[in-house]
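Take a look at the structure set out below.
Computed from the coordinates by the stated procedures, all read-outs in this text should not be read as laboratory data. This one's a predicted model, so the numbers in the text were calculated from it and none came from an experiment. Cβ atoms come from the backbone with ideal geometry, glycine included; neighbour counts cover every protein chain shown.
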Amino acid sequence: MAVIGKIRRNNWLLIALIGLGLLAFILMDSMSGDRSIGATSGNTIGNIAGNKISYSEFNRMYEVRSKNFESNDSYGQRSSLWEYLVEKSIIQNEADALGLGVSTQELKDLQFGSPANLSPLMASRFPAGGGANQFNPNPQPDMERIMQFKTAIDEGTNLTPDFIDFWRMHEGEVRKDRIQRKLNNLVSKSMFTPSWMVEKAYSEQNQRITFNYVKIPFDNVADSEVTLTDADLTSYLTTNAAKYSQDEETRKIGYVTIDVVASSADSTQIRGDVAKLGEQFATATDATSFVERYNGQSNPQWLTVDELGDDVKNQAFSQAVGSTVGPYLEGKAYTVAKIVDRRVLPDSAKCRHILISDPMMQRGTKPVEGQYVAWEKTADSLKVLLESGQANFDSLAAKFSTDGGSKDKGGFYDWAGVNQYVPEFNDMVFFKGDLKKLYAVRTDFGVHLIEPLGRKNINNTERVRVSYVRKNIKPSKTTTRTAYTKATELIRNNSSLDALKAAAEANPALQYNTTNPVTTNDHNLLQLGATEESRKMVKFAFENSIGEVSSDVYRFQDQVDFYDNKYVVSAVESVQGAGKPSIDNVRDMITPIVRNMKKGEIIKGKINTQDLFSIANTFESQVDTASNVSFSNPNVPGLGQEAKVVAAAFKINQNAVSQPVIGENGVYIVQTTSKPDSPAPSNLGAIRNTISQPSKNQVATGMIQSMKKNANIEDKRSSFF
């Protein structure tokens with residue numbers, strides 16, 4: 001009662017308490033969810049044309065992708081996912097407005113139909129023959145594997161949550177790709193090139209002229225003769241604003257690198273370690289197991305003296321089998337080599353075989369013991385049939401062999417040199433097996449039933465097998481700590497960009513560098529690579545002002561041995577906002593161009609005749625000729641990429657002389673000596689198709705980029721990653 005009475009006497013206190021309560025409630029609400037004040041908009045990572053993308057949704061999709069598409073570049077994967085979501089939202093909005101879609105049956109055909117109807121994503125994600133490579137850039141889809149997926153989906157059994165998530169995302173990407181292709185087709189098929197444009201383009205491609213020209217290089221005028229002002233640069237930049245403008249803000253990062261390099265003491269220590277390892281290697285009875293234990297290398301090939309390195313070749317054929325050579329320095333590693341075997345081998349051999357394996361086994365996948373045992377039973381049964389005469393080799397190879405390169409030839413391989421086969425197969429064919437006898441041999445491909453058929457001994461070349469153990473030379477912990485201390489001292493003693501530059505100039509061991517312009521979501525610094533540390537440097541640059549030096553030392557690793565091989569101290573060097581750049585940000589880029597333009601004007605002022613030979617003599621140049629030149633190709637042999645010069649040559653009449661032209665590499669005077677009319681087009685329709693095709697081919701990339709530029713996209717990824 002006493003408390004209530006006190007509140008009644010002090011009603012202002014009651015009002016204040018109620019007000020504070022309401023304010024706390026409002027603040028609590030504003031700090032939660034997407035209404036968080038001044039934070040990262042809660043859980044929203046972006047808004048694409050009205051479609052909000054939450055962090056949890058984005059991260060879930062990233063996890064699904066990262067499990068199914070191997071990559072060490074996590075930021076690259078996130079960037080790829082974001083681009084997919086942007087394109088998907090834009091394309092879906094456009095498709096909804098046009099009434100475009102993908103039916104259930106169409107989606108099924110795109111994923112499980114005939115190879116001709118499959119989505120391109122199916123071939124890229126489920127390729128036959130091990131995927132794309134330099135010999136097969138466009139692999140065919142692995143239809144058997146695709147059908148296995150179809151069966152699993154149709155039956156609905158043994159479908160893991162990971163697979164369900166992956167397939168749901170995969171279907172979305174197939175659907176998006178199909179709709180995008182429909183949109184591209186709508187646009188490309190609506191494009192038409194009118195006859196006047198066809199005739200003009202045909203003329204530009206087929207009218208061929210010849211002209212003489214004199215080139216006066218800009219170097220004829222010394223730099224000291226030219227005065228450049230900011231007004232000159234501003235005038236050029238205003239005229240060429242579109243060339244240098246950008247859609248979003250970029251920043252440049254200045255940085256100094258402290259390389260972490262192994263000392264002579266580190267190298268000596270590692271050599272000693274390898275020497276001790278070599279002593280154990282020499283006494284090891286199983287070289288293969290020893291090499292595996294110490295991450296060495298067993299070379300399965302039989303090598304001649306000319307195929308060995310200089311440090312090994314002199315001893316490999318004189319020392320006893322089982323002895324070692326080294327340690328010796330090979331590249332950036334100390335190495336010990338062991339002579340595993342040595343013998344004279346035939347120059348070539350021929351054989352036939354039956355490969356017994358699982359045709360569905362992915363290339364590069366090593367079979368398990370149970371598979372080998374089952375395949376060896378089959379090989380033994382085939383061997384009995386062949387040795388008893390109940391079957392012939394040709395028929396069994398055609399029926400049982402999974403080697404597509406030989407099964408239709410009775411399993412036969414003609415004369416081949418040493419090391420042409422996998423090691424176990426090679427050894428059986430060249431020396432282990434007796435001729436005309438059958439042997440079951442395990443390899444990574446399966447079990448081979450091999451019959452050596454012949455061997456040729458011509459050169460009687462001696463060969464060796466060698467195994468290696470090695471250790472790369474890398475800095476010790478002491479060396480690493482010393483380098484890190486230098487980096488921290490550099491930060492402590494230089495708190496501004498100017499001070500950092502001055503420190504680098506004063507110390508020959510340090511070098512100041514500048515990154516390429518980066519945007520807020522970049523993670524790849526061309527000089528330093530695409531790493532998490534690069535991403536941290538970009539985030540620092542966008543969170544701080546020009547001139548500020550990071551308080552953190554950025555660690556970059558050797559990509560083989562994963563030790564710190566450089567420490568980086570960075571600072572914000574420049575900021576370029578969206579739109580037209582400032583003079584200071586492009587000064588270094590445009591100064592040489594503007595200087596050459598002014599030199600060109602000086603040179604033009606010195607030309608007072610139209611006689612090419614007189615001009616050439618005056619400027620110690622010469623008269624050159626360009627022949628068979630078309631307007632559509634301004635890159636002329638001997639002249640280079642000089643579009644203005646080619647345009648001037650086409651503009652004037654035959655035998656006329658042009659006014660001086662300021663080109664890319666100098667000032668030119670042109671005299672057109674031959675200018676015949678272009679031939680009349682004979683098939684306007686075919687020419688129209690040829691001329692139109694390049695523009696239609698640009699639709700696939702040009703249209704989506706245009707749609708992105710015009711879409712309302714709010715990107716907040718940099719606040720999360």
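Site pair S495 and K350 shows an inter-label distance of 8.5 nm when each label is modelled 7 Å from Cα along Cα→Cβ. Dividing the summed helix terms, -39500 (n - 2.57) for each DSSP H run of n ≥ 4, by the number of residues in the chain produces a 222 nm estimate of -14000 deg cm²/dmol to the nearest 500.
This ranking places R60, R688 by how few other beta-carbon atoms lie within 10 Å of each, fewest first, which gives R60, R688.
Can you tell me how the stretch 262-310 classifies by the Cα gyration tensor, rounded, prolate or oblate, using a/c under 1.5 as the rounded cut? Verdict is oblate for the stretch 262-310.
Could you calculate the FRET efficiency of N117 with D247 from 1/(1 + (r/R0)^6), where r is the beta carbon distance between them and R0 is 60 Å, rounded to 0.05? Before the final figure, lay out the partial values.
Details: r = 38 Å, r/R0 = 0.63.
For R0 = 60 Å, the calculated efficiency reads 0.95.
If you wrap the tightest convex hull around every Cα atom of the stretch 310-402 and split its volume per residue, you get 207 Å³. Taking packing as the residue-averaged number of other Cβ atoms within 10 angstrom, the listed peptides 461-471, 560-570 run from highest to lowest as 461-471, 560-570. Please work out the C-alpha center-to-center distance from the stretch 249-263 to the stretch 90-116 and express it in whole Å. Using only Cα atoms, the two centres lie 48 Å from each other.
For a paramagnetic label modelled on K606 (point 7 Å from Cα along Cα→Cβ), amide N atoms under 20 Å away belong, within the stretch 218-254, to 218-228. Between V373 and L186, residue separation times 0.36 nm minus the direct Cα-Cα distance comes to 61.5 nm. Using θ = phi - 60° in the Karplus curve 6.51 cos²θ - 1.76 cosθ + 1.60, the 3J(HN,Hα) couplings for the stretch 577-587 round to x, 5, x, 5, x, 7, 4, 4, 7, 10, 4 Hz; x is entered for Gly and Pro. Checking the a/c ratio against 1.5 first, then a/b against b/c, what shape does the Cα gyration tensor give for the stretch 674-721? Judged from the Cα gyration tensor, the stretch 674-721 comes out prolate (a/c at least 1.5, a/b above b/c).
How much length is gained if the chain between S103 and D230 is pulled fully straight, taking 0.36 nm per residue apart and subtracting their Cα-Cα distance, in nm to one decimal?
Details: separation 127, 0.36 × 127 = 45.72 nm, distance 6.11 nm.
Taking 0.36 nm per residue and subtracting the Cα distance, the gain is 39.6 nm.
Rounded to 0.05, the FRET efficiency of the N513 and A647 pair, given R0 = 45 Å and the Cβ-Cβ distance, is 0.65.
Packing order of peptides 545-553, 278-286, 224-232, highest average first: 545-553, 278-286, 224-232 (average count of other Cβ atoms within 10 Å over each peptide's residues). Over all other residues within a Cβ to Cβ distance under 11 Å of A95, the charged ones net out to +3, with Lys and Arg as +1 and Asp and Glu as -1.
Sequence-ordered 3J(HN,Hα) estimates for the stretch 495-508 from the Karplus curve with 6.51, -1.76 and 1.60 and θ = phi - 60° stand at 8, 9, 4, 4, 5, 5, 4, 5, 5, 5, 5, 7, 10, x Hz, glycine and proline given as x.
Rounded to whole numbers, the Karplus 3J(HN,Hα) couplings from phi for the stretch 699-714 are 4, 4, 9, x, 5, 5, 5, 5, 5, 5, 5, 8, 7, 8, 10, 10 Hz, using 6.51 cos²θ - 1.76 cosθ + 1.60 with θ = phi - 60°, and x at Gly and Pro. Specify the inter-centroid distance of the stretch 641-689 and the stretch 490-533, based on alpha-carbon positions, in whole Å. Result: 48 Å between the Cα centres. Each of H353, H170, H523 was scored by other Cβ atoms within 10 Å of its Cβ. Listed from fewest to most, they are H170, H523, H353.
Rounded to whole Å, the principal axis extents of the Cα atoms in the stretch 264-344 read 43, 26, 19, largest first. Please label the shape of the stretch 44-189 as rounded, prolate or oblate, based on the square roots a ≥ b ≥ c of the eigenvalues of the alpha-carbon gyration tensor (a/c under 1.5 means rounded; beyond that, a/b larger than b/c means prolate, else oblate). In terms of gyration-tensor shape, rounded.
Taking 0.36 nm per residue of separation and subtracting the current Cα-Cα distance, fully stretching the chain between N689 and R208 would add 170.9 nm. For K150, a cut-off of 19 angstrom between C-alpha atoms picks up these aspartates and glutamates, skipping any fewer than 8 places away in its own chain: E106, D109, D142, D162, D165, E171, E173.
Taking N as the number of residues in the chain, what value does Rg over Cα atoms divided by 2.2 N^0.38 Å take? All intermediate terms of the calculation are to be shown ahead of the outcome.
Values: Rg = 36.5 Å, N = 721, 2.2 N^0.38 = 26.8 Å.
Cα-based Rg divided by the globular estimate yields 1.36.
Using the Cβ-Cβ distance between Q315 and L385 with R0 set to 51 Å, the FRET efficiency works out to roughly 0.55. Near W82, once Lys and Arg are set to +1 and Asp and Glu to -1 for all other residues with Cβ below 11 Å from its Cβ, the sum equals +1.
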